[in-house]
Amino acid sequence: MIAWIAFIMAFLLLGLLVVGVAFRGGAGRRRTARGGRGGLSRGNRRATALGVGAVVVLLGVLVPILILGGNSKEEKGPGGVALNNADVDGREVFARNCSNCHTLKGANAVGVVGPDLDELRPPKALVLDAIKNGRARGNGQMPAAVVDGQDAQNVAAFVTKVAGR
């Protein structure tokens, strides 16, 4: 974020410097030296410089704000699947507790011990059962009660939504 602010400030200063140099004299002074009318009056030049300066400042501030504002908080999973807050929480819990064993592209998990959930595409009930009871009723490679409560619901919803996409 600090890098963005520094970039914006540098852009604004450079733009205002260019505007200031451009409106300092230019062709009007040359015409005056040759005996012409001199182009715009001092007041008109000042008003034009302020207008162009305002445009530079507006573009220098509004464009980055619009670009940064376009990066919404709604996250996209694989295949463009929209993830709500519960799904994002489920992805985090999955990454913390399940990604060492399972493969799931939606969580960037490449485990090799448990099944590949992208290939399996388990329904939510199966995921909840595996989380609650483990496999081989907790005596197998997957222990019982890896997570519980709302975390289990979030993980199951996330896996169901992104598996195989």
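Here are the numbers:
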item	result
Residue count for region 1-39, restricted to those that are of a type in the set (A, V, I, L, M, F, W, C) and at pLDDT below 60	2
Residues within region 89-112 that are of a type in the set (A, V, I, L, M) and under 11 Å from V162 (Cα atoms), tallied	2
Selection count, region 107-125, where residues are over 15 Å from G90 (Cα atoms) and touching a strand residue (DSSP E or B) at 6+ places or on another chain (Cβ under 7 Å)	4
Residues (of a type outside the set (A, V, I, L, M) and at positive phi) located in region 115-165	R121, G134, R137, G138, G149, G164
Selection status of N97, in the same structural domain as D148 (by TED's automatic domain parsing), farther than 24 Å from A144 by Cβ and among the polar types (S, T, N, Q)	no
Number of the condition not met by L128 [criteria: (1) surrounded by fewer than 18 Cβ atoms within 10 Å (Cβ to Cβ); (2) more than 17 Å from A95 (Cβ to Cβ)]	(1)
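The values are calculated or read from the model by the stated rules, or taken from the named source; none is laboratory data. Computed from a prediction, not measured in an experiment: that's the story for all the values here. Counting neighbours? That spans all protein chains shown, and the Cβs are built from the backbone with ideal geometry, glycine included.
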